[in-house]
1. Any idea which residue in segment 269-291 is most open to solvent (accessible area, probe 1.4 Å), counting only those that are within 21 Å of the chain's Cα centre (by Cα) and among the hydrophobic types (A, V, I, L, M, F, W, C)?
2. Hey, does segment 248-256 have a residue that's assigned to a loop (DSSP other than H, G, I, E, B), at pLDDT 90 or above and among the aromatic types (Phe, Trp, Tyr)?
3. Answer yes or no: is there a residue in segment 412-423 that is part of a helix (DSSP H, G or I) and under 21 Å from the mean Cα position of the chain (by Cα).
4. Quick test of your reading of the structure: residue 376 fulfils all but one of (1) buried (at least 18 other Cβ atoms within 10 Å of the Cβ); (2) in contact with an Asp or Glu (Cβ under 8 Å, 6 or more places away or on another chain). Name the failing condition by number.
5. Within segment 121-132, restricting attention to residues that are assigned to a loop (DSSP other than H, G, I, E, B) and without any contact (Cβ under 8 Å) to a residue 40 or more places away in the chain, which residue is surrounded by the fewest Cβ atoms within 10 Å (Cβ to Cβ)?
6. Residues in segment 363-381: is at least one under 30 Å from residue 97 (Cα atoms) and without any contact (Cβ under 8 Å) to a residue 24 or more places away in the chain?
7. If I filter segment 292-343 down to residues being charged (D, E, K, R) and over 17 Å from residue 272 (Cβ atoms), which single residue comes out as most open to solvent (accessible area, probe 1.4 Å)?
8. Spot the failing condition for residue 364; the list is (1) part of a helix (DSSP H, G or I); (2) within 22 Å of residue 296 (Cβ to Cβ); (3) open to solvent by 10 Å² or more (accessible area, probe 1.4 Å), and only one is missed.
Amino acid sequence: MAAPLVLVVLVAVTLRAALYRSSLAAFISERVEVASPLSAWKRVVEGLALLDLGVSPYSGAIFHETPLIIYLFHFLIEYAELVFMITDVLTAVALYLAIQDYNKVVFKKQKLLIELDKYAPDVAELIRTPMEMHYIPLKVALFYLLNPYTVMSCVAKSTCAINNTVIAFFILATIKGSAFLSAVFLALATYQSLYPVTLFAPALLYLLQRQFIPIKPKSKSFWLYTMQYAALYLCSLVVIICLSFFLLNSWDFIPSVYGFILSVPDLTPNIGLFWYFFAEMFEHFSLFFVCVFQINVFFYTIPLAVKLKEHPVFFMFVQLAIISIFKSYPTVGDVALYMAFLPVWSHLYRFLRNIFILSCVLIVCSLLFPVLWHLWIYAGSANSNFYYAITLTFNIGQILLISDYFYAFLRREYYLTHGLHLTRQDGTEAMLVLK
């Protein structure tokens with residue numbers, strides 16, 4: 001399996017290197033779908049220029065990345081293109097290794113449940129085989145490295161690529177069962193973009209399963225392990241934030257990074273839901289609706305944790321999708337990360353209801369983004385309503401896609417325990433409905 005992975009990596013690196021040298025690089029780096037006010041490379045360059053002049057990069061209203069990012073590129077600015085290509089490769093390799101381990105865990109769990117007669121007798125066709133699961137890690141790496149969204153993020157040198165790498169290593173550490181590394185990488189991901197704090201719940205649930213600790217609120221071992229993991233996470237986060245303070249000798253980065261993410265002052269158009277809504281809103285209503293919009297990312301964590309407590313990796317996938325849809329400054333790089341997991345759930349395809357239509361919606365929206373932007377900004381024959389309409393359609397498509405996968409996952413789990421051929425009490429065929 002190593003040889004195909006190396007081949008995929010070589011193709012991906014060659015493609016990125018060719019695009020860096022083409023005239024498309026400048027065009028892609030200016031696209032609002034690829035670079036947000038948080039992750040745009042030109043803003044990082046602006047911050048570096050201020051730092052070189054001995055001025056705090058947060059003294060203006062341009063730079064909103066974290067101190068560790070600016071100091072990373074302070075030393076590696078000459079090799080920026082190489083850094084972004086390496087981060088993409090590291091992300092793909094981390095996801096490859098993570099899914100490889102996850103498949104082993106899934107197969108062992110499935111074998112145990114079969115031996116314990118936990119599955120219905122007529123569900124043999126739903127049982128996953130080693131041959132079926134063999135190429136899934138390679139497909140995940142392929143889906144990430146050759147996804148046009150990932151390629152464009154890399155070519156635009158969007159710092160979203162670095163955030164994805166940190167999250168990928170967090171997933172790898174979690175699936176490997178390393179609580180310490182999982183907490184450190186989760187703290188680093190939270191430090192980078194705040195919203196990954198919601199991944200604490202699926203990581204904890206997975207680690208509890210690895211330790212064979214029952215997920216019961218009355219269990220002392222449950223609370224002890226939870227407190228240990230939370231302490232590791234919080235201590236790591238405090239250390240990273242304190243390191244940032246020592247680098248800058250200032251706390252200016254906290255309002256400039258996290259205040260900026262939460263208050264959404266920059267209404268530059270992007271593929272998110274915030275910008276148009278707040279551009280049209282009266283100022284005295286904005287605080288209330290910012291809170292309403294921001295709570296969406298965090299609101300679903302608890303109900304999902306209750307429903308998917310036995311399936312934390314699927315929970316993690318859904319949570320990554322929720323973050324990419326509802327965060328304040330999303331880019332296509334965020335979408336690429338959760339889409340890389342779609343091959344992991346290939347066994348759900350038979351239960352998906354609208355996969356073809358939703359795939360077409362997402363592809364068409366992706367193609368229409370630059371068209372409607374040109375009509376609005378350059379041709380003057382359209383307005384912001386057109387661009388926001390396609391943004392809204394794109395996000396609705398993502399929401400319906402994740403809902404479809406969620407429905408398919410729950411449906412398969414129900415069939416495994418109750419059988420494929422459901423009947424009513426009177427003997428007639430029954431239909432499964434998700435409520």
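1. Let us first name the residues in segment 269-291 that are within 21 Å of the chain's Cα centre (by Cα), namely 269-275.
After this cut, where a residue has to be among the hydrophobic types (A, V, I, L, M, F, W, C) as well, the list is 271, 273-275.
Numbers: 271: 3, 273: 27, 274: 4, 275: 11 Å².
Only one residue tops the list, namely 273.
2. yes
3. Taking segment 412-423 as the starting set, the residues that turn out to be part of a helix (DSSP H, G or I) are 412-418.
Narrowing the set further to residues that are under 21 Å from the mean Cα position of the chain (by Cα) leaves none.
No; the residues of segment 412-423 include none that is part of a helix (DSSP H, G or I) and under 21 Å from the mean Cα position of the chain (by Cα).
4. Only one criterion in (1) buried (at least 18 other Cβ atoms within 10 Å of the Cβ); (2) in contact with an Asp or Glu (Cβ under 8 Å, 6 or more places away or on another chain) is unmet by residue 376, namely (2).
5. This residue is 129.
6. yes
7. Per the criteria, the residue is 307.
8. (2)
The values are calculated or read from the model by the stated rules, or taken from the named source; none is laboratory data. Remember, it's a predicted structure, so these values are computed and weren't measured experimentally. Glycine gets a Cβ as well: all are built from the backbone with ideal geometry, and neighbour counts include every protein chain shown. The protein model used for the area step is the full one, side chains on, heavy atoms only, and it has no ligands, DNA or RNA in it. Shrake-Rupley method; radii C 1.70, N 1.55, O 1.52, S 1.80 Å.
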